[in-house]
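So the structure is just underneath, and the comments pick up after that.
The values are calculated or read from the model by the stated rules, or taken from the named source; none is laboratory data. Predicted model, so just to flag it, every value in this text is computed and none were measured. Neighbour counts are summed over all protein chains in view; Cβ atoms, including those assigned to glycine, are modelled from backbone coordinates with ideal geometry.
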Amino acid sequence: MTDTTIAPGEPTAPGERTAYADFIAGLPKAELHVHHVGSARPETVAALAARHPDAGVPQDLAALKDFFTFTDFAHFIDVYLATVALLRTPEDIHLLTREVIEGLAAQRVCYAELTMTPFTSVRMGIPIEAYTEAIEDARITAERDTGTVVRWIYDIPGEAGLESADATISYAVDHGPASLVGFGLGGPEIGVPRPQFKAHFDRARAAGLHSVPHSGESTGPETIWDAIRELGAERIGHGIAATQDPRLVEYLAEHRIPLEISPTSNLATRVVERIEDHPIRALRDAGVVVTVNSDDPPMFGTTLNREYAIAANLLDLDEGGLRELATTALNASFAPDDVKARIRREIGDHA
């Protein structure tokens, strides 16, 4: 593979539109696809690395920039898991969670569904009860201080196999807080068949949780079909490979199954080579519900506001189109009805 890695902060869209930067910054938004550990600010990672120097994660901010430059998706997973290894105590979890929510609030994210991977933290020695207490205390405190409403999605780390799936569904059903709304599947797609997790998603859905697996990012459309047919997916994380199967595109459009699209993430992990080649416009034009998200923003040198600026360019959006994009994400969320109504009004009033 040619070395075309993207350093964090490097422009990803030639001629990236900036005319609406101020409008986007103040636009009330919902974030549907954002990972807890992947949202750690460099300063937070550096502080955690100083606490746990044996993890091998750089403590220097400049070195972290190099550390977060990925050659391919597999390399990204390796770096991500090294960062996960920094979370060893409930205090580490609380610090990260609080600072992630504060970062979302600073971008005018009024509602977020934050994807958590409790299995990795429990494996590091944090009891699930202490983990739950830490994230809930951070959520409640941050919501009080910032006004940003957060709900949780627990995801299976696919690379850890059925052991992690068994544990994660137990954490969700037996220990999950009332603020847990979804059940997901993350990690690498290659070599991780979706159907093997059917029983876990069946149990999650029976418990009232929404199905939101990753699929069709680094694999083809069949992974998306599996997520729909076997896991009962209500939204698809990424899903950009759908364009390879016109019948799947038609199905997604007809059944209004939203895709959680993160353009910069797709570039940074090399599943899309150039921003001009990104399929978000083809999907939108085919009638598929598309939402724009940041995925693992500091690791990819982006923010949700920047993803909206990229989307404005790719989708040729004006202020009205940006309001519609924000409303689409809100409508696709699992936010309480009163929260949706309030934020919908705020989007409409934004000028």
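Numbers below:
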item: Matching residues in segment 72-96 - criterion: being among the charged types (D, E, K, R) and within 20 Å of T141 (Cα to Cα); result: E91, D92
item: Pairs where the first residue, in segment 216-228, is under 15 Å from E254 (Cβ atoms) and the second is part of a helix (DSSP H, G or I), C-beta under 7 Å, 6+ apart; result: I224/A241; I224/A242; I224/L248; W225/L248
item: Filtered residue count, segment 159-185, keeping only those that are modelled with pLDDT under 95 and under 18 Å from the mean Cα position of the chain (by Cα); result: 1
item: Residue among R256, R194, R203 that is among the basic types (K, R), surrounded by fewer than 17 Cβ atoms within 10 Å (Cβ to Cβ), touching a helix residue (DSSP H, G or I) at 6+ places or on another chain (Cβ under 8 Å) and in contact (Cβ under 8 Å) with a residue 24 or more places away in the chain; result: R203
item: Members of segment 271-322 found to be on the phi < 0 side of the Ramachandran plot, in a loop (DSSP other than H, G, I, E, B) and not hydrophobic (A, V, I, L, M, F, W, C), listed by number; result: E273, R274, H278, P279, N293, S294, D296, P297, P298, T302, T303, D318
item: Count - residues of segment 106-137 that are hydrophobic (A, V, I, L, M, F, W, C), within 24 Å of E307 (Cβ to Cβ) and surrounded by 21 or more Cβ atoms within 10 Å (Cβ to Cβ); result: 5
item: Complete set of residues in segment 56-100 that are among the small types (G, A, S), closer than 23 Å to T115 by Cβ and at pLDDT below 85; result: A74, A82
item: Residue list for segment 163-191, filter: under 25 Å from A241 (Cα atoms), in contact (Cβ under 8 Å) with a residue 24 or more places away in the chain and not in a strand (DSSP E or B); result: A165, G187, P188, E189, I190
item: Residue count, segment 167-181 (criterion: touching a Lys or Arg at 6+ places or on another chain (Cβ under 8 Å) and buried (at least 21 other Cβ atoms within 10 Å of the Cβ)); result: 2
item: Selection from segment 50-65 of residues that are in a helix (DSSP H, G or I) and in contact (Cβ under 8 Å) with a residue 12 or more places away in the chain; result: R51, A55, L61, L64, K65
item: Tally of residues being polar (S, T, N, Q) and surrounded by fewer than 24 Cβ atoms within 10 Å (Cβ to Cβ) across segment 292-306; result: 2
item: Only one of D338, D296 that is over 23 Å from H214 (Cβ atoms) and of a type outside the set (K, R); result: D338
item: Hits in segment 207-263 (condition: touching a strand residue (DSSP E or B) at 6+ places or on another chain (Cβ under 6 Å), under 16 Å from P279 (Cβ atoms) and acidic (D, E)); result: E217, E260
item: Test for E91: is it closer than 20 Å to V45 by Cβ and in a helix (DSSP H, G or I); result: yes
item: Qualifying residue in segment 230-240 (condition: surrounded by 19 or more Cβ atoms within 10 Å (Cβ to Cβ), within 19 Å of the chain's Cα centre (by Cα) and more than 30 Å from T97 (Cα to Cα)); result: no
item: Members of segment 66-104 that are closer than 24 Å to V149 by Cβ and under 18 Å from the mean Cα position of the chain (by Cα); result: I93, L96, T97, R98, E99, V100, I101, E102, G103, L104
item: Failed criterion for A47 (all others in (1) over 22 Å from the mean Cα position of the chain (by Cα); (2) outside any loop (DSSP other than H, G, I, E, B); (3) without any contact (Cβ under 8 Å) to a residue 24 or more places away in the chain hold); result: (3)
item: Test: T223 is in contact with a Lys or Arg (Cβ under 9 Å, 6 or more places away or on another chain), assigned to a helix (DSSP H, G or I), buried (at least 16 other Cβ atoms within 10 Å of the Cβ) and modelled with pLDDT of 95 or more; result: yes
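Conditions (1) under 24 Å from Y154 (Cβ atoms); (2) touching a Gly at 6+ places or on another chain (Cβ under 6 Å), marked per residue:
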{"site": "V292", "(1), (2)": "yes, no"}
{"site": "D296", "(1), (2)": "yes, yes"}
{"site": "G301", "(1), (2)": "no, yes"}
{"site": "L315", "(1), (2)": "no, no"}
{"site": "R323", "(1), (2)": "no, no"}
{"site": "T328", "(1), (2)": "no, no"}
{"site": "A332", "(1), (2)": "yes, no"}
{"site": "P336", "(1), (2)": "yes, no"}
{"site": "K340", "(1), (2)": "yes, no"}
